[in-house]
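Enquirer: This structure is in structure tokens; I'll ask about it shortly.
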Amino acid sequence: MAEITLVEAVTQALAHELQADPTVLVYGQDIGVNGGVFRATDGLQQRFGAKRVLDTPLAENMIGGIAVGMAAMGLRPVAEFQFMGFIYPGLDHILSHAARFRNRTRGRLSCPIVYRAPYGGGIHAPEHHSESTEAMFAHIPGLRVVVPSSPARAYGLLLAAIRDPDPVVFLEPKRIYRAVRQEVPDSGEALPLDRCFILREGTDVTLIAWGASLKETLQAADKLAEEGIEAEVIDPATLKPLDIHAIIDSLEKTHRCVVVHEAARFCGLGAEVVAQINDYAFDLLEAPVQRVTGYDTVMPYYRLENSYLPGVGQIVSAVQETLDYPAGDRR
Amino acid sequence: MHKPRMHLLASFDIARLQYLDEQARPTQELPDFATPDTLQALYRQMALARLVDDRAVKLQRTGQLGTYPSSLGQEAIGVGVGGALEKDDVYCPYYRETGALLERGVEIEEILAIWGGDERGQDFQHAPHDLPLCIPIATQLLHAAGVAFALKYKREQFDEPPRVAVTCAGDGATSRGDFFEAMNLAAVWRLPVVFVVNNNQWAISVPRAAQTASKTIAQKAIAAGMPGLQVDGNDVIAVRAAVADAVARARNGEGPALIEATCYRLCDHTTADDAGRYQPKEEVRAAWQCEPLARLGNYLRGAGLWSDEQEEELQRELAEVLELALQGFAERPADMNTAMFDHLYARLPEALLEQYDQLAGQ
Ligand SMILES: Cc1ncc(C[n+]2csc(CCOP(=O)(O)OP(=O)(O)O)c2C)c(N)n1
Ligand SMILES: [Mg+2]
């Protein structure tokens, strides 16, 4: 079996569902003949026709809005926003309608929609192409927010997202679209949308990260292992609803925790993770939970983006700090 | 100065449709559907809409209903539009829709429930495919385009019968991107959708002239590449005829259309508003001379199709219908407080169980 990248796994999942379910359709800007600017829909229009794989006019509010009407009539639209930085005109429909239709009609109509968008920094793109605003979506009741971090999880989670009866914002970490190759059987088997994935087991500290940040987080775990520190690495993957219990289970072993995300810190998802650990597992902690995040600044143009993105060194230091707590000279 | 020569590339006309003039005189032969029975039925529905609105405003004044948007003076649009659809077509309303909702089979009790703060009203028992009332201005226009796409898709992929989406928005809504984006897409994709604009001359306190410098709203369709027509929105026959024609075209695969129906908002924007602050009294007085219920009533009387006795009988009948609905509304059991969780997702995520139990325990 050929090994595929994360972006090819996205294509494979879309093709699987287009094949399996005639109510599934895929639309967005340049996604037809061109196969999307990242080639996530490469070949799909050829295979499934222009009536199910459609190029739209250039209007993100429209891309967000028509999905609501399509889904309310029983279709399963998968809408692509070209970049997360351009999803904002579509927010009105995602937040005000897709997330609310089921509740508003007391279950009469619903919105099984997947809104896909490539997100995150690190690809030397122009302004507006590198943001990570997953927490904005995670704040909204009625939505699910899913971020894959490997080809296999991209495939299994996207299948689950398309089959889910409610709207899912599916954010694809474009920095690792082609970072690794993996064998991903086209089995049609979905992964659960309410479970964390333990990527590495360990007993000394729990590292929580998602999307592209997992690359540095796993590297940090390797580095720590060289010093005899065993980190457990957890990928929540589904950021909303969050499987806090898997995190607590891990803390039962490690008693220490570092959350990593490239989004800005203030009101970032790390804050929610810390708050929930406070609620449910305060007594388990040997040290305050650390956050390693992007700065509370505008995402810089790419010359400075590596200064902005959390690096391996910062993660390792944060772990050291939780292990050293309470530091003698600070007390 | 030399003036460069150019050639004409495109030109367009905007037509206005009217069957009954301001004095209720026919301006032309009435359309085929305008049989005595149908006209009397249209009159009845407009009278019912007016009665429901009137009572709803009173209920709000006495604290039995939340904020309510009346459609006083705009009944011909709702009733004309609603009556032009087939049962299986899909209506995508905005919020000022009493007449259309009644035509679609939505219960008076459901309408009252919605404005009485109860989502269950949006679970239309007799209009299961219609979209719920929509508050964010103009957004329903894009939903209608999506609905129309789905109807076309199902016809092509699954051989379902042809169905049409119809939607309505106010004049203020035409300033929003959603309006342009929906028309643009509908024309490019040739979707079976009809956009109706209730041009009641006001968006809360902002008059039509401050909304757009366009001579008509109908002409905005031209830029999108679809037909645009203006109708006298105080003439229910014209509204019904124009919408029925556009619906038939759409059903026949001939694409979308825009219909601007002009009228006047003879009421406050909602019960939370005071139109006396901005509507000129003279203008309102003049607008009352054109209102749609009297227009059709006067025509029917002039044609010998309506009498004082019939009017009395109708008012008696409608009062009974209303009383029954009010009784149902008053006796409606309150929703469970946990209902706010029950339809948030198809299945309540584990992560919300604790909050659910907390609320249930209150
Ligand atoms: C997007 C949005 N902006 C503002 C409002 C508040 N608002 C409610 S109705 C209204 C005026 C709408 O006027 P128009 O479209 O002409 O419809 P009408 O109420 O006159 O029928 C406004 C500004 C809203 N509901 N949605
Ligand atoms: Mg208006």
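Enquirer: Residues of region A:80-113 being open to solvent by 10 Å² or more (accessible area, probe 1.4 Å) and either in contact with a Cys (Cβ under 7 Å, 6 or more places away or on another chain) or assigned to a helix (DSSP H, G or I) (or both), which ones?
Expert: Those that are open to solvent by 10 Å² or more (accessible area, probe 1.4 Å) and either in contact with a Cys (Cβ under 7 Å, 6 or more places away or on another chain) or assigned to a helix (DSSP H, G or I) (or both): A:Gly85, A:Phe86, A:Tyr88, A:Pro89, A:Leu91, A:Asp92, A:Leu95, A:Ser96, A:Arg102, A:Asn103, A:Arg104.
Enquirer: Further question: Just to be sure I understand, how many residues within region B:249-264 are within 12 Å of ligand 1 (Cβ to nearest atom) and either within 14 Å of chain A (Cβ to nearest Cβ) or more than 13 Å from the chain's Cα centre (by Cα) (or both)?
Expert: Adding up the residues that qualify gives 1.
Enquirer: Could you grab me the full set of residues in region A:12-28 that are among the β-branched types (Val, Ile, Thr) and open to solvent by 20 Å² or more (accessible area, probe 1.4 Å)?
Expert: First, the residues of region A:12-28 that are among the β-branched types (Val, Ile, Thr): A:23-24, A:26.
The one that is among the β-branched types (Val, Ile, Thr) and open to solvent by 20 Å² or more (accessible area, probe 1.4 Å): A:Thr23.
Listed here are the residues, each with its yes/no results for (1) modelled with pLDDT of 95 or more; (2) farther than 28 Å from A:Arg200 by Cβ; (3) more than 14 Å from chain B (Cβ to nearest Cβ).
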{"site": "A:Ser110", "(1), (2), (3)": "yes, yes, no"}
{"site": "A:Ile123", "(1), (2), (3)": "no, no, yes"}
{"site": "A:Glu127", "(1), (2), (3)": "no, yes, yes"}
{"site": "A:Thr133", "(1), (2), (3)": "yes, no, yes"}
{"site": "A:Met136", "(1), (2), (3)": "yes, yes, yes"}
{"site": "A:Ala152", "(1), (2), (3)": "yes, no, yes"}
{"site": "A:Leu158", "(1), (2), (3)": "yes, no, yes"}
{"site": "A:Ala161", "(1), (2), (3)": "yes, no, no"}
{"site": "A:Glu172", "(1), (2), (3)": "yes, no, yes"}
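Enquirer: Any chance you could count how many residues in region B:175-186 are closer than 29 Å to B:Ala275 by Cβ and either not in a helix (DSSP H, G or I) or not small (Gly, Ala, Ser) (or both)?
Expert: 4
Enquirer: Moving on to the next point. Every residue in region B:187-202 that is outside any loop (DSSP other than H, G, I, E, B) and more than 12 Å from ligand 1 (Cβ to nearest atom), please. Step through it out loud before you land on a result.
Expert: Restricting attention to region B:187-202, the residues satisfying the condition of being outside any loop (DSSP other than H, G, I, E, B) are B:187-188, B:193-199, B:202.
Listed by number, the residues that qualify are B:Ala187, B:Val188, B:Val193, B:Val194, B:Phe195.
Enquirer: OK, next. Within region B:256-293, take every residue that is small (Gly, Ala, Ser) and open to solvent by 40 Å² or more (accessible area, probe 1.4 Å) and give me the one that is nearest to B:Ala24 (Cα to Cα). It would help to see each step written out before you state the result.
Expert: Initially, region B:256-293 is screened for residues small (Gly, Ala, Ser), giving B:257, B:261, B:272, B:275-276, B:286-287.
Filter once more, so that each one left must be open to solvent by 40 Å² or more (accessible area, probe 1.4 Å): B:272, B:276, B:286.
On the way: B:Ala272: 33, B:Gly276: 28, B:Ala286: 15 Å.
For region B:256-293, the residue satisfying everything is B:Ala286.
Enquirer: Going by what's in this entry, would B:Leu39 be described as at pLDDT 95 or above, open to solvent by less than 90 Å² (accessible area, probe 1.4 Å) and part of a helix (DSSP H, G or I)? Explain how you work it out, then say what you get.
Expert: Details: at pLDDT 95 or above: yes; open to solvent by less than 90 Å² (accessible area, probe 1.4 Å): yes; part of a helix (DSSP H, G or I): yes.
Taking the combined requirement at face value, the residue satisfies it.
Enquirer: What is the one condition in (1) more than 15 Å from the chain's Cα centre (by Cα); (2) within 16 Å of ligand 1 (Cβ to nearest atom) that B:Ala246 does not satisfy?
Expert: B:Ala246 satisfies all of (1) more than 15 Å from the chain's Cα centre (by Cα); (2) within 16 Å of ligand 1 (Cβ to nearest atom) except (2).
Enquirer: Next question. Between B:Arg44, B:Arg5, B:Arg50, B:Arg55, which is open to solvent by 70 Å² or more (accessible area, probe 1.4 Å) and touching a residue at least 60 places away in the same chain (Cβ under 8 Å)?
Expert: Values: B:Arg44 fails: open to solvent by 70 Å² or more (accessible area, probe 1.4 Å); B:Arg5 fails: touching a residue at least 60 places away in the same chain (Cβ under 8 Å); B:Arg50 fails: open to solvent by 70 Å² or more (accessible area, probe 1.4 Å).
Residue meeting the stated conditions: B:Arg55.
Enquirer: Still on this structure: Just the residues that are buried (at least 24 other Cβ atoms within 10 Å of the Cβ) and within 16 Å of ligand 1 (Cβ to nearest atom), please, taken from region B:135-165.
Expert: B:Ala138, B:Thr139, B:Gln140, B:Leu141, B:Leu142, B:His143, B:Ala144
Enquirer: For region B:103-115, does any single residue satisfy the condition of being modelled with pLDDT of 95 or more, open to solvent by 10 Å² or more (accessible area, probe 1.4 Å) and within 9 Å of another protein chain (Cβ to nearest Cβ)?
Expert: no
Enquirer: Among the residues of region A:273-320, write down those that are in a helix (DSSP H, G or I) and of a type in the set (Phe, Trp, Tyr). Break it down into steps so the answer makes sense when it comes.
Expert: Narrowing region A:273-320 to residues in a helix (DSSP H, G or I): A:273-284, A:302-308, A:312-320.
Matches in region A:273-320: A:Tyr280, A:Phe282, A:Tyr302, A:Tyr308.
Enquirer: Further question on the same structure: Name the single residue that is nearest to B:Arg96 (Cα to Cα) among those in region B:119-155 being of a type in the set (Gly, Ala, Ser) and either within 16 Å of ligand 2 (Cβ to nearest atom) or more than 7 Å from chain A (Cβ to nearest Cβ) (or both). Quick ask: steps written out before the conclusion?
Expert: Just the residues of region B:119-155 that are of a type in the set (Gly, Ala, Ser), to begin with: B:121, B:127, B:138, B:144-146, B:148, B:150.
Filter once more, keeping what is either within 16 Å of ligand 2 (Cβ to nearest atom) or more than 7 Å from chain A (Cβ to nearest Cβ) (or both): B:121, B:127, B:138, B:148.
Working: B:Gly121: 15, B:Ala127: 17, B:Ala138: 12, B:Ala148: 22 Å.
The qualifying residue nearest to B:Arg96 (Cα to Cα) is B:Ala138.
Enquirer: When you look at B:Ala210, is it at pLDDT 95 or above, within 16 Å of ligand 2 (Cβ to nearest atom) and either surrounded by 19 or more Cβ atoms within 10 Å (Cβ to Cβ) or not in a loop (DSSP other than H, G, I, E, B) (or both), yes or no?
Expert: Working: at pLDDT 95 or above: yes; within 16 Å of ligand 2 (Cβ to nearest atom): yes; either surrounded by 19 or more Cβ atoms within 10 Å (Cβ to Cβ) or not in a loop (DSSP other than H, G, I, E, B) (or both): yes.
When the stated conditions are applied, B:Ala210 passes them.
Enquirer: Which of the numbered conditions does B:Ser205 fail, given that it passes all the others? Conditions: (1) more than 13 Å from ligand 1 (Cβ to nearest atom); (2) closer than 24 Å to B:Pro136 by Cα; (3) open to solvent by 30 Å² or more (accessible area, probe 1.4 Å).
Expert: Answer for B:Ser205: the failing condition is (1).
Enquirer: I'd like to verify a number: residues in region B:171-186 that are open to solvent by 10 Å² or more (accessible area, probe 1.4 Å) and either under 16 Å from B:Thr262 (Cα atoms) or more than 9 Å from ligand 1 (Cβ to nearest atom) (or both), how many? Walk me through it before giving the result.
Expert: Step one: of region B:171-186, the residues open to solvent by 10 Å² or more (accessible area, probe 1.4 Å) are B:172, B:175-177, B:180-181, B:184.
Pick out the ones that are also either under 16 Å from B:Thr262 (Cα atoms) or more than 9 Å from ligand 1 (Cβ to nearest atom) (or both) and you get B:172, B:177, B:180-181, B:184.
Going through region B:171-186 one residue at a time, the tally reaches 5.
Enquirer: In addition: When region B:240-283 is examined, which residues are found to be within 16 Å of ligand 2 (Cβ to nearest atom) and among the aliphatic types (A, V, I, L, M)?
Expert: Correct list: B:Leu258, B:Ile259, B:Ala261, B:Leu266, B:Ala272, B:Ala275.
Enquirer: Of all the helices (runs of 4 or more DSSP H) wholly in region B:283-348, which have at least 1 residues that are of a type in the set (Asp, Glu) and over 30 Å from B:Gln362 (Cβ atoms)?
Expert: By residue number, B:308-331.
Enquirer: Under 6 Å by Cβ, and 6 or more places apart or on different chains, what pairs join a residue from region B:236-262 that is more than 16 Å from B:Arg16 (Cβ to Cβ) with one that is of a type in the set (Ser, Thr, Tyr)?
Expert: none
Enquirer: Hey, another quick one. Restricting attention to region A:14-28, does a residue exist that is farther than 26 Å from B:Ala346 by Cβ and more than 9 Å from chain B (Cβ to nearest Cβ)? Write out each step before concluding.
Expert: So the first thing to find is which residues in region A:14-28 are farther than 26 Å from B:Ala346 by Cβ, and the list is none.
Looking for residues that are farther than 26 Å from B:Ala346 by Cβ and more than 9 Å from chain B (Cβ to nearest Cβ), one finds none in region A:14-28, hence no.
Enquirer: For A:Ala190, state whether it is modelled with pLDDT of 95 or more and not assigned by TED's automatic domain parsing to the domain that holds A:Ser110. So that I can check it myself, show each step before the final result.
Expert: Details: modelled with pLDDT of 95 or more: yes; not assigned by TED's automatic domain parsing to the domain that holds A:Ser110: yes.
Taking the combined requirement at face value, the residue satisfies it.
The values are calculated or read from the model by the stated rules, or taken from the named source; none is laboratory data. Since the model is a prediction, treat every value here as computed from it, not as a measurement. Here the Cβ is made from the backbone with ideal geometry for all residues, glycine too, and neighbour counts use every protein chain on show. For the accessible areas, the whole protein counts, side chains as well, though only heavy atoms, and no ligand, DNA or RNA atoms are used. Shrake-Rupley method; radii C 1.70, N 1.55, O 1.52, S 1.80 Å.
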